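What follows is a short report on a single structure.
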Protein chains: 2
Amino acid sequence: MPEHKRLALGIDLGGTAIKVGVVTHKGEIIGRGERATEVQKGAQGVIANMAAAARDAMDAAGVTVADLEGAGVGAPGICDAARGIVVRAVNLDWDNVEVAEALGKALGLPAYLDNDANCAALGEQWCGAASGSHHALMITLGTGVGGGLVLDGKIYHGFRGWSGEFGHMPAVDNGPACNCGRRGCVETVASATAMANFARREIEAGRAPYMAAKAAEQGGKVDARLVIYAAREGDAAAVGVLREVGEHLGLAMAGLVGALNPELIVVGGGGSHAGDFVLEPMRKVIREKAMPGPADVVQVVPAELGNDAGLIGAASLVWR
Amino acid sequence: MPEHKRLALGIDLGGTAIKVGVVTHKGEIIGRGERATEVQKGAQGVIANMAAAARDAMDAAGVTVADLEGAGVGAPGICDAARGIVVRAVNLDWDNVEVAEALGKALGLPAYLDNDANCAALGEQWCGAASGSHHALMITLGTGVGGGLVLDGKIYHGFRGWSGEFGHMPAVDNGPACNCGRRGCVETVASATAMANFARREIEAGRAPYMAAKAAEQGGKVDARLVIYAAREGDAAAVGVLREVGEHLGLAMAGLVGALNPELIVVGGGGSHAGDFVLEPMRKVIREKAMPGPADVVQVVPAELGNDAGLIGAASLVWR
C-alpha cells in the first residue's frame, strides 16, 4: 500500500468528550468524529461510544475498517500501555478496564492504548514541535500540569507507568494546597489555574486595576485566558503574573535539564497560549539555574498541535 | 565456551589511579591491576598505563588476551559512549581523546567506554543493589555528587551524553557557592563535602563539642568520615548533620521520583557509609514530598559494590 494511504484511528478519551480522527501515516487528520463520554454508562457504554465516534470519523473520511491498520487510544489516568489497560482513572471512575481489547473487538481492529499526556508527547514528537527529537520533555499547562517524556525516541513509562508527573514535583516549601493532598507542588504555582490564582491575588491586593476591570466585565471571572489577554494588551500586572509562573516552571525544569539532558522542552496546554510571556522567564531561569552544558543546549518551545496532539499521538501507537 | 569462563577487562580510569579487574560473566573479579594515572604524560601515556595495568590484572588472574572478550573503560567527565571518546575531562585535561580505539589497539581487544558514574550504575544494576531492576537511579556522594540512570534496563545518556548530573540540580535558593560557578546546587548541601562543611559550621557555632574534640585529635581535620564515626557513636550533632544532608537529598530526588517513577534509588560513594543516618531522612522526605504512587513504590537502598562498582560495570559494557 502506498505510504500516503496508510491510515489509523486516533482516539482522545476525555472525561466529558471522546474525540476521534482518521489519521494518515504523515499525521494528517482526514476525518473526525466526536461523542459525549457518558461516564455514567460505565466502561462498556463508554467503549461503545468510542466505537460510535470512530465510525463517525470513518464516515467523514470516506473510509471503512478495511482501510485502517488499527486504533490508538489516549486515556486519562494511570495506564498499563503494554497490556492496553486503564489501571485507574479518577475522572472516569475506572479501575483496571481492558480498553484496548474491548475496543479492538468492537471495531475489528488491533487497538493500542497509552496515557493521554504520553500520547500528546508522541504527537508533538511525531509531527509537531519536537518533530524528529529523540530527547524531549512535554509539559502541559492546564487545570493541572501533566507531562510526558520521550527518551531515546520512545515514551518512557517508568517502573509502574507513572512517569511524567511534572505537576507534582515539589516546587515551593509550604506553598499553596494541591489537589494531591500535599502543598507547593509545581501545578499549584505553574498551571493555568495558578495564572488565575496569582491574578486574583494581585486584584485583591489592588495591584491589578486593568485585570480587575476586565474581570468585572465577565461577572468577576478570573481565568488564564483573561491574564493572557491582559498581558498582550501590555498590562504590567498580568505580565508579572505570567513571569512568576514561568519562573516557577523554569526552576522545576532546571533540575530535570541536569538530570536528563533533554534536547527540547515542549510546553503545551491552554496555559501555553501565554507564549513568551511564560517561556522567556522559564528559559532565563533554566539558563541561570540548570547545569551549564545541558542548560546551554536545551530549547524551550511551544507545542504546535494544540488539542489534536493527543489524538495524533494515539494514532501513532498503531505504527510503533 | 562455558558461561563461567567468559571474561572481560573492567577499567576504572581516575584522575590519580587506574584500577583494572579481570571480570567474569557473573561479575566476579578474578585478578586485579593498578597503576598511577600520570596525567602529566598526556593521553597516550595514560592509555599506555591503562594497558600496563590491564596486563598486570591478566597476570594476576593467570589469563592471556586470548581468554578475554574485550575491555570496558569507565572514564571521568563527558563521554561519547557510542564512539568511545572522552569528550572533556577536566581532571585529566583531556579533550576529544579516542580512548576505546587506542586502548583496543594497545591490547588487541575490542574496547568500549562510558562515563564512570554510568559504569557504577551499570555495575550496581548488573550484580549489586539494583540487580535485575530496569528503572534505577544511582547517586554517588563523594567530593561532589554524581549520578547515572538505568531506564528501561539501559543507561540513559540524554541528548549530548550529559545526563545524570544530579549534583547540579538546584537545591537551595542562594545556597552555598558551587564549583560549577552557581549557588545552592545539590552537591553543595548533599555530598560528603557538605557533611564536612555542615559539621564545621556546627563546631564553629559551639554546638558540636564531641566532633570538635575528635577533629582536634586529627589536627583539626573535619571530614565525612569523622561525622559518620561520631554519628555511630551517638553524637546528636553529627546525627543532625547527616539528617540535614539526607533531607536535602530527599527533596532533590522527590522531583525525580514523580518525573521518572523509578523502582530504586541506589546511594553510593564515600558519603553513603553514613547508611540510614542519611537514607532514613531521605526516605522520609520522599514519602512526604514526592507524588503519592511513585513515592510509595520507590526504594532507597545503599550501593553494594563499593569502589568496584565502576570497574565491574565497565566490564559489563563488553557484553551489552
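The values are calculated or read from the model by the stated rules, or taken from the named source; none is laboratory data. Given the structure is predicted, the values throughout are model-derived calculations rather than measurements. As a convention, Cβ positions derive from the backbone with ideal geometry for all residues, glycine included, and neighbour counts pool all protein chains shown. All accessible areas refer to the heavy atoms of the entire protein, side chains included, with ligands and DNA or RNA removed. Shrake-Rupley method; radii C 1.70, N 1.55, O 1.52, S 1.80 Å.
All conditions in (1) in contact with a strand residue (DSSP E or B) (Cβ under 8 Å, 6 or more places away or on another chain); (2) open to solvent by 20 Å² or more (accessible area, probe 1.4 Å); (3) not aromatic (Phe, Trp, Tyr) hold for residue A:119, with the sole exception of (2). Output the residues belonging to segment B:135-165 that are of a type in the set (S, T, N, Q) and under 15 Å from residue B:81 (Cα atoms). Of everything in segment B:135-165, just one residue is of a type in the set (S, T, N, Q) and under 15 Å from residue B:81 (Cα atoms), namely B:163.
If you go through segment B:9-26 one residue at a time, do you hit one that is open to solvent by 70 Å² or more (accessible area, probe 1.4 Å) and modelled with pLDDT of 95 or more?
yes
Of all residue pairs spaced 6 or more apart or on separate chains, those with beta-carbon atoms under 9 Å, a first member in segment A:251-264 that is within 10 Å of residue A:290 (Cβ to Cβ) and more than 7 Å from chain B (Cβ to nearest Cβ) and a second member that is of a type in the set (D, E, K, R) and open to solvent by 10 Å² or more (accessible area, probe 1.4 Å) are A:257/A:289; A:257/B:165.
Considering A:153, A:132, A:142, A:128, which residue is surrounded by 24 or more Cβ atoms within 10 Å (Cβ to Cβ) and of a type outside the set (Ser, Thr, Tyr)?
After ruling out the rest, the residue left standing is A:128.
Considering only segment B:37-85, state which residues are of a type in the set (A, V, I, L, M), over 26 Å from residue B:148 (Cα atoms) and surrounded by fewer than 14 Cβ atoms within 10 Å (Cβ to Cβ). Once the filter is applied, which keeps residues that are of a type in the set (A, V, I, L, M), over 26 Å from residue B:148 (Cα atoms) and surrounded by fewer than 14 Cβ atoms within 10 Å (Cβ to Cβ), segment B:37-85 yields B:65, B:66.
Cβ separations smaller than 8 Å between residues 6+ apart or across chains give the following pairs from segment A:290-306 residues that are touching a residue at least 24 places away in the same chain (Cβ under 8 Å) to residues that are of a type in the set (Ser, Thr, Tyr) and assigned to a strand (DSSP E or B): A:303/A:140.
Looking for something away from every other protein chain (no Cβ under 14 Å), of a type in the set (Phe, Trp, Tyr), surrounded by fewer than 18 Cβ atoms within 10 Å (Cβ to Cβ) and assigned to a helix (DSSP H, G or I) - is there at least one such residue anywhere in segment B:224-233? The answer is yes, given that some residue of segment B:224-233 is away from every other protein chain (no Cβ under 14 Å), of a type in the set (Phe, Trp, Tyr), surrounded by fewer than 18 Cβ atoms within 10 Å (Cβ to Cβ) and assigned to a helix (DSSP H, G or I). You will find that of A:113, A:109, the residue that is in the same structural domain as residue A:26 (by TED's automatic domain parsing), in contact (Cβ under 8 Å) with a residue 60 or more places away in the chain, over 18 Å from residue A:309 (Cα atoms) and outside any helix (DSSP H, G or I) is A:109 and no other. With a requirement of 2 or more residues that are more than 24 Å from residue B:239 (Cβ to Cβ), within 18 Å of the chain's Cα centre (by Cα) and of a type in the set (A, V, I, L, M), the helices (runs of 4 or more DSSP H) lying completely within segment B:249-320 that satisfy it span B:309-316.
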